[in-house]
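J.: Got a structure here, written out as structure tokens. Questions coming.
The values are calculated or read from the model by the stated rules, or taken from the named source; none is laboratory data. Keep in mind it's a predicted model, so treat the numbers as computed, not measured. Quick reminder, even Gly has a Cβ in these numbers, built from the backbone with ideal geometry, and neighbours come from all protein chains shown. Accessible surface areas use protein heavy atoms only, side chains included; no ligands, DNA or RNA. Shrake-Rupley method; radii C 1.70, N 1.55, O 1.52, S 1.80 Å.
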Amino acid sequence: MAMLVVACAEPQPEEVAESPAEQQLQLQPLELERDDAAAAFELPVTPPVTSGTKKIRPVELAATTIADPLTDVSFAVLKRGQTVTGLLSKYGFKARDVYQLAEALDGYVNLDKLQAGAAIAINKQKDTAQISLAAEYAERIDAYYEDGVWSVSKHQVPTRIEVSEHAVQINHSLYGNAAEADVPGDVINSALLALSHFIDFQRQVYQGNRFEVVFERTLVTQDELLFAHQQTPLQPTYLRFKNDEDDFRLYRYEQSFYLEDGRLAESFLLKTPLNGARLSSHYGQRKHPVLGYTRMHKGIDFGAPEGTPIMAAGNGTIKRADWYGSYGNAVVIAHADGYETLYAHLQGFANDIEPGQRVKQGEVIGYLGNTGLSQARHLHYEVYRHGKIVNPLNLKKLSTERLSGEQLAQFIEHVASLEERTLRLADLAGGASSTYAEGLTAEVQ
């Protein structure tokens with residue numbers, strides 16, 4: 001099997017840093033401007049003349065099916081130094097062929113946006129050819145060339161599930177200690193978002209508290225090189241946080257977390273609308289750091305690096321997203337039951353955040369900054385109900401949604417099926433973990 005190393009548009013830096021597969025390929029992060037990335041796929045200025053549209057329009061060969069393993073192919077890994085056109089020319093494809101391929105793949109894969117490290121499987125014969133690429137993880141796109149026409153089909157690649165269990169003793173922070181215990185960052189962020197409905201991470205997390213997590217990793221069982229540049233899908237399925245006062249256990253069921261009794265594990269508003277922040281100023285009377293005199297501080301402040309994503313504390317409608325006097329760049333969201341939330345001193349706003357836009361809880365609405373009457377970078381967060389100010393840290397309104405009937409019976413059965421796993425996890429010492437294929441016995445590490 002031949003290996004040819006070339007280049008194309010670079011992924012976002014965080015994807016390079018977090019993908020073990022890309023690290024094995026020894027990729028170096030690139031700083032490409034948007035125009036550079038768009039120009040990385042070179043096509044003729046004038047589209048080639050064809051005798052009919054059938055030569056550039058895809059022909060669906062089959063519905064999505066389970067893919068057979070790739071055989072008799074060469075893998076070319078995209079790297080810095082060549083365009084896709086340049087890569088395929090080494091296998092005998094002309095610029096016209098590549099242009100028609102790009103047109104045929106429209107709606108499947110965008111060739112000019114392939115990430116560095118992406119692999120292309122190539123089988124070129126005298127009069128025929130096959131090119132295979134990864135779309136979503138475990139989804140393979142095959143393009144066949146015969147009689148001057150490209151035909152395209154989509155297939156699912158078989159996968160297996162790997163389960164990981166981690167017990168974490170908190171010594172300085174949940175995020176830091178979980179990362180030290182080799183829990184992936186995406187899993188930690190998902191856990192923080194889910195637990196932030198119940199836990200104030202600024203006031204309720206202490207040394208010696210315990211965090212437990214079970215997550216699943218989806219892995220392809222064939223054509224691994226084709227998907228090596230993509231991060232494998234991760235999904236937390238069980239979370240537990242225990243301190244001296246509370247013991248929360250959250251179970252994923254039908255893409256949401258629920259408590260053991262079937263209640264949806266969500267609060268009406270998040271206590272902390274950003275991750276990895278520290279509470280820098282409380283609600284109440286204080287001496288204003290800029291004005292120099294004591295006045296009511298109507299919200300709470302969170303210190304974090306500039307550019308930290310700010311999330312909507314709950315479902316609602318954007319009421320304003322603009323410059324708001326001493327608040328600087330600010331977003332105001334109207335929620336149900338007369339609630340409103342305000343997010344101030346933002347560096348900027350997320351795309352499509354404008355008055356009238358509906359947002360969901362946890363959706364990014366802007367980025368932490370230092371605008372308006374602000375002494376240092378931070379988020380100022382306020383909550384109102386029917387126009388009256390409310391201390392965000394005192395909010396304890398949980399979702400009233402709960403499973404019932406057959407759904408509740410199935411959920412209770414699901415929780416019971418996990419009892420052996422959760423009991424084993426509870427017995428693990430802090431810092432211990434186990435990883436195993438789904439259905440196999442765990443081995444503690």
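J.: Applying the selection to region 110-135, what residues are out of contact with any Asp or Glu (no Cβ under 8 Å at 6 or more places or on another chain) and surrounded by fewer than 19 Cβ atoms within 10 Å (Cβ to Cβ)?
T.: Scanning region 110-135 gives 110, 112, 113, 124, 125, 126, 135.
J.: Any idea which of (1) crowded, with 16+ Cβ neighbours inside 10 Å; (2) of a type outside the set (Gly, Ala, Ser); (3) not in a strand (DSSP E or B) is the one residue 144 doesn't satisfy?
T.: (3)
J.: Among the numbered criteria (1) touching a strand residue (DSSP E or B) at 6+ places or on another chain (Cβ under 8 Å); (2) of a type outside the set (Phe, Trp, Tyr); (3) modelled with pLDDT of 90 or more; (4) assigned to a loop (DSSP other than H, G, I, E, B), which one does residue 152 miss?
T.: Among (1) touching a strand residue (DSSP E or B) at 6+ places or on another chain (Cβ under 8 Å); (2) of a type outside the set (Phe, Trp, Tyr); (3) modelled with pLDDT of 90 or more; (4) assigned to a loop (DSSP other than H, G, I, E, B), the lone unmet condition for residue 152 is (4).
J.: Next up: So, of the residues in region 247-266 that are within 22 Å of residue 207 (Cα to Cα) and open to solvent by 50 Å² or more (accessible area, probe 1.4 Å), which turns out to be modelled with the highest pLDDT?
T.: Here the residue is 249.
J.: Can you tell me which residue within region 324-376, out of those that are under 23 Å from the mean Cα position of the chain (by Cα) and of a type in the set (Ser, Thr, Tyr), is least open to solvent (accessible area, probe 1.4 Å)?
T.: 343
J.: Take the residues in region 432-445 that are part of a loop (DSSP other than H, G, I, E, B) and open to solvent by 50 Å² or more (accessible area, probe 1.4 Å), then tell me which one is modelled with the lowest pLDDT.
T.: 441
J.: Quick check on residue 164: is it surrounded by fewer than 19 Cβ atoms within 10 Å (Cβ to Cβ), outside any helix (DSSP H, G or I), touching a residue at least 40 places away in the same chain (Cβ under 8 Å) and of a type in the set (Gly, Ala, Ser)?
T.: no
J.: Same structure again: Test residue 380 against the criterion of being within 24 Å of residue 173 (Cα to Cα) and at pLDDT 90 or above, and give yes or no.
T.: yes
J.: Would you confirm, using the coordinates I've provided, whether residue 284 is more than 16 Å from residue 175 (Cα to Cα) and either in contact with a His (Cβ under 9 Å, 6 or more places away or on another chain) or at pLDDT below 85 (or both)?
T.: So residue 284 passes the test.
J.: Suppose we filter region 370-427 for residues that are among the aliphatic types (A, V, I, L, M), out of contact with any helix residue (DSSP H, G or I) (no Cβ under 8 Å at 6 or more places or on another chain) and within 25 Å of residue 306 (Cα to Cα); how many remain?
T.: Final tally of qualifying residues: 3.
J.: Which condition breaks for residue 193 when tested against (1) free of Cβ contacts under 8 Å to residues at least 60 places away in the same chain; (2) under 24 Å from residue 431 (Cβ atoms)?
T.: Looking at each condition in turn, residue 193 falls short on (1).
J.: Report the residue count in region 350-369 for those that are within 17 Å of residue 304 (Cβ to Cβ) and assigned to a strand (DSSP E or B).
T.: The qualifying residues number 6.
J.: Moving on to the next point. Look through region 63-83, keep the residues that are among the aliphatic types (A, V, I, L, M) and within 15 Å of residue 220 (Cβ to Cβ), and return whichever of them is surrounded by the fewest Cβ atoms within 10 Å (Cβ to Cβ).
T.: Top of the filtered list is 66.
J.: Scan region 202-231 residue by residue and report those that are touching a residue at least 40 places away in the same chain (Cβ under 8 Å) and over 27 Å from residue 424 (Cβ atoms).
T.: Those that are touching a residue at least 40 places away in the same chain (Cβ under 8 Å) and over 27 Å from residue 424 (Cβ atoms): 202, 203, 220, 222, 223, 225, 226, 227, 228, 229, 230, 231.
J.: Could you list, in sequence order, all residues of region 227-246 that are open to solvent by less than 30 Å² (accessible area, probe 1.4 Å), part of a strand (DSSP E or B) and polar (S, T, N, Q)?
T.: Listed by number, the list holds a single entry, 237.
J.: Where the second residue is open to solvent by 20 Å² or more (accessible area, probe 1.4 Å) and among the polar types (S, T, N, Q) and the first is in contact (Cβ under 8 Å) with a residue 60 or more places away in the chain and within 14 Å of residue 275 (Cβ to Cβ) and lies in region 170-183, which pairs have Cβ atoms under 9 Å and are six or more apart or on separate chains?
T.: 175/189; 175/275
J.: Any residue in region 213-226 that is aliphatic (A, V, I, L, M), open to solvent by less than 10 Å² (accessible area, probe 1.4 Å) and not in a strand (DSSP E or B)?
T.: yes
J.: Taking region 370-388 only, how many residues are part of a strand (DSSP E or B) and farther than 20 Å from residue 315 by Cα?
T.: Summing the residues that are part of a strand (DSSP E or B) and farther than 20 Å from residue 315 by Cα in region 370-388 gives 1.
J.: Taking residue 373 and the conditions (1) touching a residue at least 24 places away in the same chain (Cβ under 8 Å); (2) of a type in the set (A, V, I, L, M); (3) over 26 Å from residue 353 (Cα atoms), which numbered condition does it fall short on, given that it satisfies the others?
T.: Residue 373 satisfies every listed condition except (3).
J.: Starting from residues that are at pLDDT 90 or above and assigned to a loop (DSSP other than H, G, I, E, B), keep the ones in region 172-187 and report whichever is farthest from residue 438 (Cα to Cα).
T.: Here the answer is 181.
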